Structures are given as structure tokens and as C-alpha cells.
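Just so it is clear, none of the values below were taken in a lab; they were calculated from the coordinates. These figures come from a predicted structure and were not determined experimentally. All Cβ positions, glycine included, derive from the backbone under ideal geometry; neighbour counts span all protein chains shown.
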There are 2 protein chains.
Amino acid sequence: MKYSKATNYALHTMLFLAKQIPNKPMGVQQLAEMQNVSPTYLSKILTKLVKEGMINSVSGANGGYTLRHDWEDISFLDIIHAVEGKSSLFDCCLYNDPKCVIKEVMLSAEEKLENELRNRKISDLVKK
Amino acid sequence: MKYSKATNYALHTMLFLAKQIPNKPMGVQQLAEMQNVSPTYLSKILTKLVKEGMINSVSGANGGYTLRHDWEDISFLDIIHAVEGKSSLFDCCLYNDPKCVIKEVMLSAEEKLENELRNRKISDLVKK
DNA sequence: CTATTATGGACATATAAAGTCTTTTATTGG
DNA sequence: CCAATAAAAGACTTTATATGTCCATAATAG
């Protein structure tokens, strides 16, 4: 079990955008170069972020991506959910027993993970 | 990101063995039937558990698998590590920056997950 | 209008998980 | 010792998912 590279790229992109203080859009070309990834692939990931309302996009010359207005509220969990989806990390295989005691433990652990990720904001990493 | 089915099978197998109170070995055949998985595949997973010292195996007639003597100490984390390996859930892509602030956050979240999984034992689920 | 930039869909490739088959090794009961 | 039983090991196939490419389309600024 590993976080995908896509999540990695998404998180770093969000941090780049957050450090780029004013509302000047950054193009995918530039963002891709900084992360050493192909622009077309990164573009697909960023489109997910747009659809989930994490960032805004502007087509055309001097276009690119900007963070949404209330970006300071965006948590790590928000970004990860936008890229990886929101389904649980564990499903019981035994006829999908809804009362599986193992599943209960696994979900409680996942909750701890999510709580931490929910409390950490991209904006916390940008304060100078 | 999902836990593998292998982890699922491993956890359920450990619970089956724990409920089978005496030291009578259970064969992979029986364990596989109960979980509706092929015996050869399950066998590979159980071999990992043997190598990591979670369970003991006995070949030959009336052989099979038993929990190790101090099985009451075995945590969910132990089992998951035996099956999925111990490497971290997140690696920074940017030239593997060791001081990546994003990585720090991700690792702290992973720690919360692991703490919970370390505190939960298979034996807790078996107390009648 | 044209250059620029994001979006979308259809592919292609790579990697990992899931599962099978066969042989070998170990152990027990007779 | 022998035969039946059961785990271990290796090579292999299949399936699923992540990663990545290519090209056409849509939107926008100048």
C-alpha cells in the first residue's frame, strides 16, 4: 500500500501555488518542469483538483491555475481525497460482512490517519 | 490507495487461528475454504507470516498452522507489516528531498495510523 | 484571427496484485 | 521404511491499476 505519485504531484503543486502569493496563474508547463513530470500527465491530475474545487483554471494566453479564494482552509485530506477518491482503505472480503470486527479496527485506525491529515493545511507550510 | 486482499486474508486467518483455542494446527485447505480463496494463494501469504514469526507451520499429516506461543501480543500492525512490508506510505518525488515538508506531514499522519494499529491486538477480538 | 493554454478521450506501457500449476521438502501414522 | 499428507518454492498467467502519451477540441487574451 502506497500513496500514488499523483498524490505526490498534487500536494507539491498545491504548495507551489500557495507560495506563489499573488493571483497570477501558473501554467502546467512550469509546474511540470519544477517536478520533473510530463505536462500532459500533470494536467490530468490538476483537472481533478479543479473538479473538486481545490483550484481554479483559466484557459488561454497567460492562463493557468490558481488556488481557490479560501485556500487557507484546504487540508491535506482534501487534496488526497480529490486525487485518490474517498473510499475506505479496507473492505472485508468475507461476503463483505458489515459487522466484521477486523474492519472496525481498520476503520478506527484510518480515522486517526484522516484526523491528522484534516488538521494539516497547506497554508501551514507557507508561513515564510 | 487500498490495503491488499492479502492483508485481508492474513488478518482473518489470524483471527480464525486465535479462535481455535488449543494448539491443534489448521490446514491451509480449511482456512482457504472459510475465506473463499484458493489454497495455493493463501499458502503464499501464510508463508510470509511464518517467515515473520507470526505463526508456526508443521508439514505432514495432521499438520498445518498454529499461532506462535506469545500470540496474545501480536498487533494488527505486526500482521500488516508482515504482509505489506514496512516501507513508508509516502515518498517525496522531488529528487527524494529528505527535508520535504510535505513528507514530514505525511509521515506524522502515518504515525497516527500505526500507533492505533500497534495498540490493537488480535487477542482483543477473541475474548468471547 | 492567432497564439496560448486547459480539457477530453482514446490509447499505450509499466508495475503490482492476484491467482494457478508443478515440483520439492518435511512430517506423521502405520 | 513406506505411503499419504501438507507446507514451501519457483515459474508462470491473468487481471487491475497507475503512469504516461498523443491528438483533437474548447476557451481566452491580445
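List, shortest first and in nm to one decimal, how far the label point of A:Lys99 (7 Å from Cα along Cα→Cβ) is from its counterparts in the other copies.
When each copy's label point is compared with this one, the spacings are 5.5 nm.
Which FRET efficiency value, to the nearest 0.05, is calculated for B:Lys19 and A:Lys5 with the Förster distance at 41 angstrom and r the Cβ-Cβ distance? It would help to have the intermediate numbers written out before the result.
Numbers: r = 41 Å, r/R0 = 0.99.
Computed FRET efficiency for B:Lys19 and A:Lys5: 0.50.
When a/c reaches 1.5 or more, the comparison of a/b and b/c decides; with that in mind, is chain B rounded, prolate or oblate per its Cα gyration tensor?
prolate
Determine the principal axes of the Cα atoms in the protein assembly as shown, then give the extent along each, sorted from largest to smallest and rounded to whole angstroms.
So the three principal-axis extents are 75, 34, 30 Å.
Modelling each spin label as a point 7 Å along the Cα-to-Cβ direction, I'd like the B:Ser88/A:Thr40 distance in nm, to one decimal.
So the two model labels end up 3.3 nm from each other.
Mind listing the label-point distances from B:Asp73 to the same position on all other copies, shortest first, one decimal in nm, points 7 Å along Cα→Cβ?
So the distances to the same position in the other copies read 4.8 nm.
Put +1 on the Cβ of each Lys and Arg and -1 on the Cβ of each Asp and Glu in chain A; which of A:Tyr9, A:Pro39, A:Ser88 then has its Cα farthest toward the positive end of the dipole?
So the residue we want is A:Pro39.
Take the Cβ-Cβ distance between A:Asn115 and B:Thr47 as r, set R0 to 25 Å, and report the resulting FRET efficiency rounded to the nearest 0.05.
My answer for the efficiency is 0.10.
How well do other chains shield peptide A:103-111, expressed as the mean number of their Cβ atoms within 10 Å of each residue Cβ?
On the way: counts 2, 2, 10, 10, 0, 4, 12, 4, 3.
Whole-number average of other-chain Cβ neighbours for A:103-111 is 5.
If contacts are Cα pairs under 8 angstrom and at least 6 residues apart, what is the relative contact order of segment A:18-81 in percent? List each step's numbers first, then the result.
On the way: 55 pairs, mean separation 21.9, N = 64.
Relative contact order, segment A:18-81: 34 percent.
Could you pull the copy-to-copy label distances for A:Lys86, with points set 7 Å along Cα to Cβ, in nm to one decimal and sorted shortest first?
A:Lys86 label point versus its equivalents elsewhere: 3.6 nm.
Using label points projected 7 Å from each Cα along Cα→Cβ, tell me how many nm separate B:Ser57 and A:His69, to one decimal.
Simple spin-label model gives 6.2 nm for this pair.
Taking 8 Å as the Cα distance limit and 6 or more residues as the minimum spacing, I'd like the relative contact order of chain B as a percentage.
On the way: 131 pairs, mean separation 37.2, N = 128.
Contact order relative to length: 29 percent.
Can you give the helix-only mean residue ellipticity at 222 nm for chain B, where every DSSP H stretch with n ≥ 4 adds -39500 (n - 2.57) and the sum goes over all residues, rounded to the nearest 500 deg cm²/dmol? Show your work: numbers first, answer last.
On the way: 5 runs with 64 residues, N = 128.
Rounded to the nearest 500, the figure is -16000 deg cm²/dmol.
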